[in-house]
1. Within straight cross-link reach of LYS84, meaning Cα distance under 20 Å, which aspartates and glutamates are found once same-chain residues fewer than 8 apart are removed?
2. For ALA90 and ASN146, what is the calculated FRET efficiency with R₀ set at 56 Å and r taken between the beta-carbons, to the nearest 0.05?
3. With each pseudo-label sitting 7 Å past Cα toward Cβ, what's the ARG241-ALA255 distance in nm, one decimal?
4. By counting other Cβ atoms within 10 Å of each Cβ, how are ARG219, ARG384 ranked from fewest to most?
5. Using the alpha carbons of segment 301-395, what is the convex hull volume per residue in cubic angstrom, as a whole number?
6. Beyond 26 Å, what share of the Cα-Cα pairs of segment 350-470 remains, rounded to the nearest whole percent?
7. Would you kindly compute the Cα radius of gyration of segment 183-304 and its largest Cα-Cα separation (Dmax), both in Å?
8. Among 329-339, 199-209, 134-144, 359-369, what's the highest-first ranking by average C-beta atoms within 10 angstrom per residue?
Amino acid sequence: MRRRSFLLGVTLALGACAIGPSTQVSAPPTRAARIPDSLTSSSARSFLDSLTRMRAQDSVARVLPPRPLALDTASDRPWLDVLKDSQVVALVRTAMANNRELQIAVARVREYRALAGVARSDLFPQISANFSAAENQISFGGTPINFNAVRATGDLSWELDFWGRLRRQTEAAGLDLRGREEDERAAVVSLVSDVVTAYLQLRELDQAVAISEQTLDSRRATLALARRRFNEGVISELDVRQFEAEVAAPAARVADFAQQQSQMEHRLSVLLGQQPGPVARGQSLESVVQGVSAPDSVPAELLLRRPDVRRAERDYQAALARVGLAQGNRLPKVMIVGQYGRQGQVFKGLFDNKNEIYTAQAGVSIPLFTGGRLADQYRASRARADQAKARYEQTVLIAFSEAEDALVNVRLGRDQLAAQQTQAQALARAYALAVQRYQNGVSSYLEVLDAQRSLFNAQLSLVTQERQYLQGTVQLYKALGGGWAPLPTH
């Protein structure tokens, strides 16, 4: 009795363990991602900071200072906080409901959920019902014997997961499923980024068209003034022709920007899962800039939540589980096989007790020689696990690199925006003074033309810089894997 109890205890202990390495993965050493202290020279840094402070005091156009970040555990999709524009929110919601690429990712998750169920089913007894009817002839000593056989049985086949091999198989399939769920999250993050980026580019083109039309009107007015002064004999025909040539430049830019505007609307419509058509507009880029506060650092925990990092971690864990599966294939398999039913010559009376048949069998299958196949499968699984580990660590490094790149881009983009705003404001004043001096006959037409060109280019550059700054915050949102929550101020 003691021997039986000991054997039973050993059996239960072995059955409770799963063969192979643990799938618990520790994250590589990490630190918070932050903006480097020395991005520019001290003199340039001092000047850019003074410009930023000056622009921050301007009630018309200001850029909010960076703030530290806290780990946001309330939501995996806080894209509502990226840009303070209700139209952006509406577009993102439409895209998440209709985008075909996202629907593919969702369907792939359903596929792997079903495959995980297939892997889990091997843990349970496999039972099937079988029915057959046959007409047979055999020969004994040259004498043919004919007989009929009708058979109805229920068959049982069950592999006892003695070493945990099947549990490792189930665990690996579950980790594959969790990896595809991270792919779905990555598809959401990428879709939000693409929609917002396309929308910002569309708003940039809107404002570029408006600036070009405004510049065209301004140059027409200057041309009318030049023609009037020519009629009065104040200037020569050469001056008039110079003004006429300058009018054509913004006219051509209006057509160019309008063409790009239409193409961007079509691209955005595809992301929204709709037929190409007009897209509703929200706030101007300048208004959105005033509501954006980019961070100056990112907690390491936030970066480790990135979908691609989690996907790489799940792949590594699944590879470790399959190492256990490969080890289990080299060990004996314990099977229980059974059959119960009825067999007779005709269907009538088949289920009488006299026709009862059954089989109950327990067996062990031990792989003795496979030509090295099982050993090589195990070595291959170990190699795949090493590859998955290296990919996981590489993905973490890339995540931190992208986050710091995005932080730097946003920080320097904020400086560039402040400088560009100052330049555009100064050139607008310079143009007004040049026109006034020209009207009073103090300066030549060349001064007005130069001021017009400089202002036009500065205004377009300012709109581009506003878009790039906002797009930088979107790229930071994407680099963080879905968003952030600012720490409360005290």
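Throughout, read-outs are computed from the coordinates displayed, never taken from laboratory work. Note that the coordinates shown come from a computational prediction; the quantities given were computed from them, not determined experimentally. Note that each Cβ is placed from the backbone with ideal geometry, even for glycine, and that neighbours are counted across all protein chains shown.
1. ASP58, ASP72, ASP76, ASP194, GLU204, ASP206, GLU286, ASP296, GLU466
2. Details: r = 79 Å, r/R0 = 1.42.
Efficiency, from the Cβ-Cβ distance: 0.10.
3. For the pair ARG241/ALA255, the computed spacing is 2.2 nm.
4. Going from least to most buried by this count: ARG384, ARG219.
5. Convex hull of Cα atoms, per residue: 196 Å³.
6. 66
7. Rg then Dmax for segment 183-304, in Å: 22.2, 74.
8. Numbers: 329-339: 15.6, 199-209: 21.6, 134-144: 7.5, 359-369: 9.5.
So the peptides 329-339, 199-209, 134-144, 359-369, ranked by packing, come out 199-209, 329-339, 359-369, 134-144.
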